Every structure is written in structure tokens, then in C-alpha cells.
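Derivation of every value follows stated rules applied to the coordinates shown; laboratory data play no part. Please read all numbers here as calculations on a predicted model, not as lab measurements. Neighbour counts run over all protein chains shown; Cβ positions are idealised from the backbone, glycine included.
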Amino acid sequence: MSDPTANDVQHYIAEGLACEHLEVQGDGRHFFATIVTQAFDGLNRVARHQLVYRALGDRMRAEIHALSMKTLTPHEWSTSPDRATLPHH
């Protein structure tokens, strides 16, 4: 089985989580995702990551070696003065 692409990982997340904004970068083993969804509202960082892991299911263990995430609500995303410099979660 070949390593997933960033587009594959983006598709996997989008299948399981309704996102207002979703961007994934990576090299086939290590990925970084910016994920913006209303589903994160009221959740702490751990719970947000758990939602993403749930969306990825077994792929997280079998195909994706590492995933760093920036997890934001639409409000957090829209009020960020510089979206590119937000800390990674």
C-alpha cells in the first residue's frame, strides 16, 4: 500500500467532519492540518484532536505516521489577526 498524499488525508478528514476550512500539507508520512469546524466549539484541545482521530479511524494507525493539527472554531479562525502564525495544537 502506498503512503497517503496530503489530498488523501484532507479527504479522509472531510468525510468524517464537516469543516468550514481544511488544509493539509505533508510528505506521505508526516502531515500538518489546519482544521476549522463548528464541531470544536466548547471543546478543549484534546477533545478536538479526538474528533479528528475519530474521523480518520483506522487510517491514523495504519497509514498516517504523524499528524500535527491546528484546530479552530470558525469564530477563532475569523478573529485571528494572522492565521498563518497561530500556534500548532
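Put simply, the amide H of residue 21, placed in the peptide plane, has neighbours under 5 Å in 36, leaving out anything fewer than 5 places away on its chain. Here the spin labels are modelled as points 7 Å beyond Cα on the Cα-Cβ line, and at residue 58 and residue 44 they lie 3.1 nm apart. Among the listed values (1) 0.95; (2) 0.91; (3) 0.98, the one computed from these coordinates for Rg/Rh (Cα atoms, Kirkwood Rh) is (1). Rounded to the nearest 5, what % of the DSSP beta bridges within the chain are antiparallel ones? Rounded to the nearest five, the antiparallel share is 45 percent.
Taking amide H atoms as placed 1.01 Å from N in the peptide plane, the amide H of residue 70 lies under 5 Å from those of 33, 34, 35, 89, each 5 or more residues away in sequence or on another chain.
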